[in-house]
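Chemist: Before I ask anything, let me first share the structure, which is written out below as structure tokens.
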Amino acid sequence: MTVVVKDSNGAELKDGDSVILIKDLKVKGSSVVLKRGTLIKNIQLTDDPAEIDCRVEKVKGLVLRTEFVRKA
């Protein structure tokens, strides 16, 4: 059974898609703040349908909740 991952608007996400943040987010354990409107390229899906794995700026291994992104 495949897991369907959807963004905040209900659009289906796949590995390698690009997403845009819809809210400013603080990164735990870092002083970095990801601003609304930031484009994140080449996402990777996880086993949890509510989370995606990505790289932003100098932050590696970042996991974002799908409720804070929309498909680009």
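What follows draws every value from the coordinates through simple rules; no lab data is involved. Quick caveat, the model's predicted, so the values are computed rather than measured. Neighbour counts are summed over all protein chains in view; Cβ atoms, including those assigned to glycine, are modelled from backbone coordinates with ideal geometry.
Chemist: Which of the residues spanning segment 31-41 are surrounded by 12 or more Cβ atoms within 10 Å (Cβ to Cβ) and either in a loop (DSSP other than H, G, I, E, B) or of a type in the set (D, E, K, R) (or both)?
Modeler: Passing the criteria: VAL32, THR38, LYS41.
Chemist: Within segment 6-23, can one find any residue that is polar (S, T, N, Q), free of Cβ contacts under 8 Å to residues at least 40 places away in the same chain and in contact with a Lys or Arg (Cβ under 8 Å, 6 or more places away or on another chain)?
Modeler: No: segment 6-23 contains no residue that is polar (S, T, N, Q), free of Cβ contacts under 8 Å to residues at least 40 places away in the same chain and in contact with a Lys or Arg (Cβ under 8 Å, 6 or more places away or on another chain).
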